[in-house]
Amino acid sequence: MELLERKKCLAQLTDWLRRAIEGAGCIALLGAEAGIGKTALLQEFANAQLGARVLWGGCDALFAPRPLGPLYDIARQTQGELLAAINSNANREVIFAATLNELERSQTLIVFEDMHWADEATLDLLKYLGRRIQRTRAMLAVSYRDDEVGARHPLRFVIGDLPRAATHRMSLFPLSEAAVAQLARQAGQSSTDLHRITGGNPFFVTEALAAVADTVPVSVRDAVLARAMRLTPDARQIAELACVVPGKTESWLLEQAVSFDETAIEGCLSIGMVLADDGALSFRHELARRAFEDSLSQSHRQLLHAKVFAALSARPQTSAARLAHHAAGERNAAAVLQFAPLAAMQAASVGSHREAASLYQVALVYAQEVAPDERARLYEKLSYECYLTGQHERAIEARRAALEVWRASDARIREGDALQWLSRLNWFIGRRADANRYGAEAVLTLESLPPGPELARAYGNCAQLDMESHELESAISWAQRAIALAEPRAANEILCDALGALGLTRLIAGDASGWADLERSLRIALDGNLQEQVASAYNDLSAMAVSWRHYDKAARYFSEGLAYCEKRDLDALRLYMLAYRARKNFEQGDWPAASEDAEAVLRHPLATPITRIPALRTLGHIRIRRGDPQAEAALEEAWALGGATQELQRVGTLAAIRAEAAWLAGDREGVLRAVQPAYEMVCQRRDPRMKGELATWLWRVGALEEQPADIADPYAQEISGDWRAAAANWRRLGCSYECACLLAWHGTETEQREALEVLERLGAAPAAQALRKRMRAEGVRAVPRGLRTSTRSNRLGLTRREAEILTLVSQGMRNSAIAKRLFVSTRTVDRHVSAILSKLGVQSRGEAVALANKAPVLPDR
């Protein structure tokens, strides 16, 4: 793991050591909680020292601390006088003097680690050296757990006696949410809730990422329980009660549930618990609390939860979520069914949809004896919350359970609505045939009953399905029928969905009136706080803005929509928007940002086929334009995820990408094979953008029999022969690659040089190389050289610097260590590593190393 957010600390330590070496010896005190990274920081700092000798000693958590433990470690490193003094059992004055002589001998960094476990003699040594350190050229770094050094701890008194002029203090803080998210990305895992659970403690973060999902890591459990062994019976009673209470245990609850005194509270604080100003007690880290709770027997946990539930239920202001938690811990079925659904509704209303899903799941554990219709409604609510948070398989499972109940009770309207939802959910995970079957069955069931909101929802679902397959006239008809049923009934959720399908369909067909439909859907959803519909509207608006190449408008919708989704746990639609933002960035020439967004989608554990497909397409397209390996693998995966029934939008987009790959390879027949089937399909539909893009590829290889009438610019301009107007249009849109290609193929020498500069800046190696070849064939002199020979000869397409960095990564070196080795900044190495992962088509350093091990990384010189 990278040592994150410690650069200022390293700089400060470096400055203190520099001044010590110049003749102002000093002590550096590093006090922080366990697991915060004191040792990692000091090791990183020590490894960077070239001009100073490093001596390292530590105290151990023994029942009887070893006298002068750190000094024994150090004496073995120094040999000579100090080792002789210790081995001869000399009195401590002789040993202390030998230690000081050792420090006076040369420039030294000396580390006393874990001084909270120090014996009395070691503490006296610290005091002795502290009073004399200024006459040395040494820095003594002392680390300790400040949460275990209370007001009466012996180390506290020693620290208070150290000379202020020679003593520096440093506190290490937990990692920020951004740093935790970066570590999660490097581990290929989601960072959702990780910062809250770990409190940003690097040890807990590292162990949680390495553990099985939803379990307390064994290493964390062992560390927590080892500290808990020191508790007195009274202190343990307090800690056991607090461990079943997430968050803070209020002082009134402690007083009511257990008997305690100040000594017992101090004992709890010594194991890392925290006492707030209002007297509330809590564990510093959620993982520590869970580890302590897991150590209790089931019967004892139930007893504690029952005690807490009884106390909380007597207070009318207690939240339903808190009561549900302790009712479940007590295994009180009636109380769970009373409070869990209520808490879930409250959570959903404020955008906490993951919590809502968890609460409904808890309620269903105890719902086997309730009335069937009540149980079915719980399944429906669970399904909806899982749908919003991207847990589509769980959503389908819950909706099927509800469908079985409705069919058994002959509740036809509810049955039809469940079928509609199963259609929608199956479409989201790429099961188009199942989506069609459930959708048709829903309409058939509901049309046999008096019309109502459920039928309107089923019509809207059919509109969505037909829109995706470019059955545009049918989609518009279904959407209008849905609107006609929903609007008079003020069924605004259904109305928003139908307006979304109508607006999308019109915009695909090139009808700008669709913008008004989508904007109206967004307004209604925002006014009604319809969270799913708000997110869907932002998603539709941003995706179509990219399709119409209204990039400024798209940027605004992405910014607003992603912020809205992140705040409300709407992961499914957030990932879809990220995938389309990747496309926007790609089309505008920001390929690193596009790669980052696409890879974020692909790494996410809740990414479904619907979100993975556009991310894979964009990633494959970037690799094609860069000439990177693994491009076809991304496109193959995107195609496979589409299933047996491929929608036209996916077929056409992949055809255009593969046509470009064939064109860059000089494969005219490959362009035809990629485009012809998709072009024939799109000619039977109305999609000016897609038809124009595919027709242009046919025109470029001389296979377009006649120019289609209903295609969009700049494609229509290029096919008509006005390539300059097309290039100017691409330039205006901000699509620098497309503009450069037209200048390269048709322009003057000056324009070709401009194009070459653009292609080089983008990293579009295949297009740039083809342009150089063309320019030389046309007799152009002094054509700028392209990539170095070493890059072209590298099997993985890496530059020499990238290959060198990958070699060092394979040796287990961190980015910071690589930066020191190569005399560059860590940020520079970060960028190189990101580029390497993108070029190789992998998501982790380990995968990159595995790929590199199959063949030499560095080319021959």
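Some points to look at:
- Residue count for the range 533-550 under the criterion of being of a type in the set (S, T, N, Q) and in contact (Cβ under 8 Å) with a residue 60 or more places away in the chain: the result is 1.
- Tally of residues being farther than 10 Å from residue 228 by Cβ, under 35 Å from the mean Cα position of the chain (by Cα) and touching a residue at least 12 places away in the same chain (Cβ under 8 Å) across the range 275-300: 14
- Members of the range 584-630 found to be among the hydrophobic types (A, V, I, L, M, F, W, C) and within 18 Å of the chain's Cα centre (by Cα), listed by number: 593, 594, 598, 600, 601, 602, 606, 607, 615, 616, 619
- Pair list, Cβ < 6 Å and 6+ apart or interchain, from the range 453-470 residues that are among the hydroxyl-bearing types (Ser, Thr, Tyr) to residues that are surrounded by 24 or more Cβ atoms within 10 Å (Cβ to Cβ) and assigned to a helix (DSSP H, G or I): 459/478; 459/482
- Criterion (modelled with pLDDT under 70 and either small (Gly, Ala, Ser) or touching a Cys at 6+ places or on another chain (Cβ under 6 Å) (or both)) met by exactly one of 825, 790, 838, 834: 790
- Considering residues of the range 608-620 that are free of Cβ contacts under 8 Å to residues at least 60 places away in the same chain and in contact with a Ser or Thr (Cβ under 9 Å, 6 or more places away or on another chain) only, the residue surrounded by the fewest Cβ atoms within 10 Å (Cβ to Cβ): 614
- Among the numbered conditions (1) closer than 21 Å to residue 447 by Cα; (2) charged (D, E, K, R); (3) more than 33 Å from the chain's Cα centre (by Cα); (4) part of a helix (DSSP H, G or I), the only one that residue 424 does not meet is (3).
- Any chance residue 659 is hydrophobic (A, V, I, L, M, F, W, C), open to solvent by 50 Å² or more (accessible area, probe 1.4 Å) and under 21 Å from residue 771 (Cβ atoms): no
- Residue that is farthest from residue 32 (Cα to Cα), among those in the range 276-302 that are modelled with pLDDT of 90 or more and buried (at least 16 other Cβ atoms within 10 Å of the Cβ): 302
A quick yes/no check of all residues on (1) open to solvent by 50 Å² or more (accessible area, probe 1.4 Å); (2) modelled with pLDDT of 95 or more:
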residue: 429; (1), (2): no, no
residue: 440; (1), (2): yes, yes
residue: 456; (1), (2): no, yes
residue: 468; (1), (2): no, no
residue: 475; (1), (2): no, yes
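- Flag for residue 558 being free of Cβ contacts under 8 Å to residues at least 60 places away in the same chain, open to solvent by less than 30 Å² (accessible area, probe 1.4 Å), over 27 Å from residue 836 (Cβ atoms) and of a type outside the set (D, E, K, R): yes
- Positions within the range 349-386 being surrounded by 23 or more Cβ atoms within 10 Å (Cβ to Cβ), farther than 17 Å from residue 328 by Cα and at pLDDT below 90, in sequence order: 353
- Taking the numbered list (1) crowded, with 17+ Cβ neighbours inside 10 Å; (2) closer than 15 Å to residue 29 by Cα; (3) modelled with pLDDT of 90 or more in turn, residue 127 passes all entries but (1).
- Which listed residue is farther than 30 Å from residue 353 by Cα, surrounded by fewer than 19 Cβ atoms within 10 Å (Cβ to Cβ) and β-branched (Val, Ile, Thr), from 108, 192, 167: 167
- Filtered residue count, the range 301-324, keeping only those that are free of Cβ contacts under 8 Å to residues at least 12 places away in the same chain and not in a helix (DSSP H, G or I): 5
- Scanning the range 167-224 for residues that are in a helix (DSSP H, G or I) and modelled with pLDDT of 80 or more gives 177, 178, 179, 180, 181, 182, 183, 184, 195, 202.
- Residues within the range 12-41 that are over 29 Å from the mean Cα position of the chain (by Cα) and in a helix (DSSP H, G or I), tallied: 10
- Out of 141, 151, sole residue that is at pLDDT 90 or above, of a type outside the set (Asp, Glu) and outside any helix (DSSP H, G or I): 141
- Residue satisfying all of: in the range 93-103; out of contact with any helix residue (DSSP H, G or I) (no Cβ under 7 Å at 6 or more places or on another chain) and modelled with pLDDT of 90 or more; surrounded by the fewest Cβ atoms within 10 Å (Cβ to Cβ) among these: 97
- Any hit, the range 764-780, residues being at pLDDT below 90, closer than 30 Å to residue 850 by Cβ, open to solvent by 10 Å² or more (accessible area, probe 1.4 Å) and of a type in the set (Gly, Ala, Ser): no
- Any hit, the range 756-763, residues being out of contact with any helix residue (DSSP H, G or I) (no Cβ under 9 Å at 6 or more places or on another chain), open to solvent by 10 Å² or more (accessible area, probe 1.4 Å), modelled with pLDDT under 95 and at positive phi: no
- Condition met for residue 90 (hydrophobic (A, V, I, L, M, F, W, C), surrounded by fewer than 18 Cβ atoms within 10 Å (Cβ to Cβ) and touching a Lys or Arg at 6+ places or on another chain (Cβ under 9 Å)): no
- Test: residue in the range 54-67 that is in contact with a helix residue (DSSP H, G or I) (Cβ under 9 Å, 6 or more places away or on another chain), of a type in the set (Phe, Trp, Tyr) and part of a helix (DSSP H, G or I): no
- Test: residue in the range 259-269 that is farther than 25 Å from residue 174 by Cβ, without any contact (Cβ under 8 Å) to a residue 40 or more places away in the chain, assigned to a helix (DSSP H, G or I) and open to solvent by less than 60 Å² (accessible area, probe 1.4 Å): yes
- Of the residues making up the range 455-478, those that are farther than 16 Å from residue 423 by Cα and in a helix (DSSP H, G or I) are 472, 473, 474, 476, 477.
- Of the residues in the range 729-737, none is within 20 Å of residue 774 (Cα to Cα) and free of Cβ contacts under 8 Å to residues at least 40 places away in the same chain.
- Odd one out for residue 413, checked against (1) surrounded by fewer than 20 Cβ atoms within 10 Å (Cβ to Cβ); (2) outside any helix (DSSP H, G or I); (3) in contact (Cβ under 8 Å) with a residue 12 or more places away in the chain: (2)
- When the range 104-121 is filtered for residues that are in a helix (DSSP H, G or I) and modelled with pLDDT of 90 or more, the ones remaining, listed by number, are 104, 115.
The values are calculated or read from the model by the stated rules, or taken from the named source; none is laboratory data. Remember, it's a predicted structure, so these values are computed and weren't measured experimentally. Cβ sites come from the backbone with ideal geometry, for glycine too, and all protein chains shown count toward neighbours. Note: accessible area is taken over every heavy atom of the protein model, side chains too, but ligands, DNA and RNA are not part of it. Shrake-Rupley method; radii C 1.70, N 1.55, O 1.52, S 1.80 Å.
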